[in-house]
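Below: one structure, written as structure tokens.
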Amino acid sequence: MTWRNLVFALFFTLCPALVSAQKKVSDEALHRPTATPDRVILTWAGDPATSQAVTWRSDTSVKQALAEIAVADDGPKFTESAKQVAAVTTMLKSDLGKAHYHSVKFEGLAPATLYAYRVGDGNNWSEWHQFRTASRGAAPLTFLYVGDAQNNILSLWSRLIRMGYAYAPMANFIIHAGDLVNRANRDADWGEWFRAASWINATIPSIPAPGNHEYFKAPEGSEITKHWRPQFTLPENGVPGLEETSYFLDIQGVRVITLNSNRNHKEQAEWMERVLANNPNKWTVATFHHPVFSTARGRDNKDLRAAWQPVFDKFGVDLVLTGHDHTYGRSNVTTGMGARSEKAGTVYVVSVSGPKMYKLEKQDWMVSSAQDMQLFQVIRIDGDRLLYESRTARGLLHDSFELIKRPGKPNEIRNRKLEITTQAK
């Protein structure tokens with residue numbers, strides 16, 4: 001053996017020991033805010049056709065923050081026409097220290113238009129991101145839906161949400177059906193969530209619903225995480241006291257209703273009655289965390305079902321998208337006892353996107369089910385047709401169906417033959 005080969009042999013023998021002795025980077029260092037914007041995320045607080053909200057984080061040295069926006073162009077000169085908008089700043093003290101969260105509402109935008117924007121303090125800027133405003137009326141629509149990210153978010157959820165983006169890069173929004181994180185007030189959990197989706201959050205608007213893991217125990221009872229309102233800028237048109245955790249918005253012929261399934265079920269049912277009684281949209285999608293029909297043993301939500309399913313039946317809600325049970329289950333067009341509308345019939349879905357898994361309890365209501373699969377869903381709506389696909393973290397098609405609108409009747413459901421019926425080895 002030559003001296004050079006001996007050196008290489010010694011290096012590779014000792015290398016694992018050197019690596020194992022390396023000190024782990026602390027949460028404080030890994031998730032520390034700086035003057036440079038991070039955790040940039042698009043949401044809505046107003047009309048998706050004419051407005052867009054953006055929220056981001058910095059350290060507390062940033063006292064005044066702003067955003068710049070311009071109609072996107074094929075060349076770089078769009079920056080010359082950029083307009084500045086001042087941000088509203090909120091200080092949040094987390095378990096890792098203080099940070100400033102900044103929020104801007106872009107308003108007066110043109111429908112169906114591609115915009116470029118960046119956020120910062122005038123000296124320290126993010127990159128330029130792009131988003132497209134919604135069409136003013138009904139138009140083809142695509143969105144992603146994911147259940148609980150919750151655990152090992154950066155390590156194991158990141159591949160799932162990035163695969164979802166690969167299948168729907170022009171999606172209009174992403175629904176997060178609760179339990180985005182595991183520990184409500186742990187800043188490192190939220191840091192992982194934002195890093196996992198990275199610039200996807202800054203490009204495709206999010207519609208989040210709070211799960212039970214977004215709540216923490218407080219002297220006055222359980223409370224929503226301190227992170228929720230500073231980091232998400234959402235509609236305040238919901239139930240009083242549940243601001244930005246129950247809300248609705250209309251986008252391209254679809255009314256999306258987000259509910260807080262952790263509390264106030266009766267009050268939200270009454271609110272839904274009013275919201276759905278005056279609904280000009282052809283399609284209605286509801287999302288929240290706890291399932292109407294559970295997929296896991298011992299987790300039935302009878303009180304929630306009794307309060308909300310009659311409303312879904314009465315107004316013919318098309319899809320109900322939930323999480324919580326860390327398995328997958330999907331119904332056909334389903335009604336409850338004593339349905340009060342000829343249009344009654346809803347497809348109920350439970351899904352999970354993160355790595356935490358429970359045991360599936362198969363039940364008669366399930367047309368499709370799965371255990372130990374990380375899944376994302378791509379939903380496309382065009383006129384009278386809705387196409388639903390549930391895919392694995394590898395992109396394999398697990399479940400698919402079409403809904404077809406029929407005037408004065410429940411939707412027709414067509415369960416589609418899968419292109420892939422088993423997991424590839």
Can you compute the equivalent ellipsoid semi-axes for the range 29-132, i.e. the square root of 5 times each eigenvalue of the Cα gyration tensor, sorted largest first and rounded to whole Å? 25, 15, 11
For the chain, with a Gaussian network of springs between Cα atoms less than 10 Å apart, report the residue from A53, A269, A166 with the top mean-square fluctuation. A166
Two pseudo-spin positions, 7 Å from Cα along C-beta at E412 and at R299, lie apart in nanometres by 3.5
Could you give each residue of the range 137-143 its phi-based ³J(HN,Hα) in whole Hz, using Karplus coefficients 6.51, -1.76, 1.60 with θ = phi - 60°, and x for Gly or Pro? x, 4, 7, x, 9, 10, 9
Mind giving me the nanometre distance, one decimal, between the label points for A72 and N123, set 7 Å out from Cα along Cα→Cβ? 3.1
Working out 0.36 nm times the residue gap between R385 and A110, then minus their Cα-Cα distance, what length gain in nm do you get to one decimal? 96.3 nm
Inter-centroid distance (Cα atoms) of the range 360-379 relative to the range 174-241, Å: 24
Work out the FRET efficiency for S61 and E270 from their Cβ-Cβ distance, taking R0 = 60 Å, and round it to the nearest 0.05. 0.85
Return the Rg/Rh value of the chain, two decimal places, where both radii are evaluated on C-alpha atoms and Rh is the Kirkwood radius. 1.01
Obtain the nm distance between the two label points defined at N152 and L397 by a simple spin-label model: each point lies 7 Å from its Cα along the Cα-to-C-beta direction. 2.9
First select every other residue whose beta carbon is under 12 angstrom from the beta carbon of G178; then total the charges, Lys and Arg +1, Asp and Glu -1. -4
CD proxy, 222 nm, the chain: helix-only mean residue ellipticity via -39,500 (n - 2.57) per DSSP H run with n ≥ 4, per residue, nearest 500, stands at -5000 deg cm²/dmol
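Each value in this text was obtained by applying a stated rule to the coordinates, not by laboratory testing. As the structure is a computational prediction, the values presented were derived from the model and not from experiment. Ideal geometry is used to build each Cβ from the backbone, glycine not excepted, and the neighbour counts take in all protein chains shown.
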